[in-house]
Amino acid sequence: MSGLAGRTVLVVGRAGGIARAVTLAVRAAGGAVVVAGRDPEALAAAYDDPGISAERVDLTDEGSVAALAGRLGRVDHVVSAASARARGAVGDLDHAAVLTALAVKVAGPILLAKHFAPRMPADGSFVLFSGSSSRRPAAGMLAVAATNGAVDVVARSLAVELAPIRVNAVSPGTIDTGAYDGLGDQRKAALFATRAATSPARRIGVAADVAGAVVYALTSTFVTGTVLDVDGGEPLA
Ligand SMILES: NC(=O)c1ccc[n+]([C@@H]2O[C@H](COP(=O)([O-])OP(=O)(O)OC[C@H]3O[C@@H](n4cnc5c(N)ncnc54)[C@H](OP(=O)(O)O)[C@@H]3O)[C@@H](O)[C@H]2O)c1
């Protein structure tokens, strides 16, 4: 295992949550970070560190991904932490929302691989984001689970196709990143209390739990084609 000194890591996602924790963990491991998302001004404003620069990318737009790859040239590692969740019972699912979820979280990493892998060193790697809902079907989570399951397949397939560039996925459980704020305070607190009570880890995860696994995947040169579960054992409960 080696650190990330002298390496550049592209982190696609928002200014907070898991993407932020990953960015800070990569910096702590000595790497430089390019954070990229749909709002580069917000990303730039979120950090005060010459080792972090901000760029624009929309993962649903191949031209945008290709342009980013052209602007950056070589990067050593790519982390795709973007998502657009399509929650809801099957009867309520909006077709366009399902397609957007797949476009961001499944097709997006495929586009990143298409445009960045040719510019990456042989010891580079990708980390994609899956999620534990694919292992524990629940009403209202069909499209989220299907998206996550597809990410696992993309990671394994790319690991074979892009070798020796490594490709792994990280699969978080319930992580308090703000992703559940839309439920409102009461429903969110009730959900977190239930999950914390039943999860073998007996708590909800924090973004730093996930960032540690991402740095492990980036730096472990004999780990590829795997899905790292960082879920407190939630699917077992
Ligand atoms: N939090 C959890 O409990 C949990 C559980 C399982 C899996 N995960 C996965 O872990 C990753 C990070 O989760 P998180 O909770 O920290 O963040 P998140 O709330 O899922 O945020 C993902 C961000 O992706 C960005 N995004 C959406 N569409 C995009 C597009 N077309 N191009 C580029 N960026 C786009 C959005 O940022 P902007 O709005 O700024 O554009 C969005 O806020 C995600 O892949 C998520 O699915 C999280």
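A few comments on the model shown:
- Residue within region 34-47 that is within 23 Å of residue 169 (Cα to Cα), modelled with pLDDT of 95 or more and of a type in the set (Val, Ile, Thr) present: yes
- For beta carbons closer than 6 Å, sequence separation of 6+ or different chains, a first residue in region 170-182 that is under 14 Å from residue 234 (Cβ atoms) and near the ligand (Cβ under 6 Å from one of its atoms) and a second that is assigned to a strand (DSSP E or B) and of a type outside the set (S, T, N, Q), the qualifying pairs are 172/230; 175/205.
- In region 19-48, the residues that are of a type in the set (Gly, Ala, Ser) form Cβ pairs under 6 Å with partners that are open to solvent by 50 Å² or more (accessible area, probe 1.4 Å) and within 12 Å of the ligand (Cβ to nearest atom), at six or more places apart or across chains, as follows: 21/208; 37/14.
- Lone qualifier among 70, 37 - being within 12 Å of the ligand (Cβ to nearest atom) and not aromatic (Phe, Trp, Tyr): 37
- Residue match in region 77-96 (condition: under 19 Å from residue 172 (Cβ atoms) and more than 12 Å from the ligand (Cβ to nearest atom)): yes
- Test: residue in region 226-234 that is hydroxyl-bearing (Ser, Thr, Tyr) and touching a Leu at 6+ places or on another chain (Cβ under 8 Å): no
- Residues of region 186-215 that turn out to be more than 16 Å from the ligand (Cβ to nearest atom) and on the phi < 0 side of the Ramachandran plot, as a count: 3
- Within the set 64, 53, the sole residue that is polar (S, T, N, Q) and within 11 Å of the ligand (Cβ to nearest atom) turns out to be 64.
- Hey, residue 150 open to solvent by 10 Å² or more (accessible area, probe 1.4 Å) and not in a helix (DSSP H, G or I) or not: no
- Pick from region 121-147, criterion under 27 Å from residue 72 (Cα atoms) and open to solvent by less than 10 Å² (accessible area, probe 1.4 Å), ranking: farthest from the chain's Cα centre (by Cα): 124
- Taken over region 155-169, the criterion of being within 14 Å of the ligand (Cβ to nearest atom) and either among the aromatic types (Phe, Trp, Tyr) or in a helix (DSSP H, G or I) (or both) is satisfied by 155 alone.
- Residue 125 more than 11 Å from the ligand (Cβ to nearest atom), among the hydroxyl-bearing types (Ser, Thr, Tyr) and farther than 30 Å from residue 222 by Cβ: no
- Single unsatisfied condition, residue 161 versus (1) open to solvent by 50 Å² or more (accessible area, probe 1.4 Å); (2) more than 25 Å from residue 6 (Cβ to Cβ); (3) in contact (Cβ under 8 Å) with a residue 60 or more places away in the chain: (3)
- Filtering region 179-211 to residues that are touching a helix residue (DSSP H, G or I) at 6+ places or on another chain (Cβ under 7 Å) and open to solvent by 30 Å² or more (accessible area, probe 1.4 Å) leaves 180, 181, 183, 188, 191, 195, 200, 202, 203, 208.
- Some residue of region 176-196 being touching a Pro at 6+ places or on another chain (Cβ under 8 Å) and of a type in the set (Gly, Ala, Ser): no
The values are calculated or read from the model by the stated rules, or taken from the named source; none is laboratory data. Just so it is clear, the model here is predicted, and its values are computed rather than measured. Reconstructed Cβ throughout: ideal geometry from the backbone, glycine too, with neighbour counts over all protein chains shown. Side chains are part of the model used for accessible areas, which takes the heavy atoms of the whole protein and leaves out ligands, DNA and RNA. Shrake-Rupley method; radii C 1.70, N 1.55, O 1.52, S 1.80 Å.
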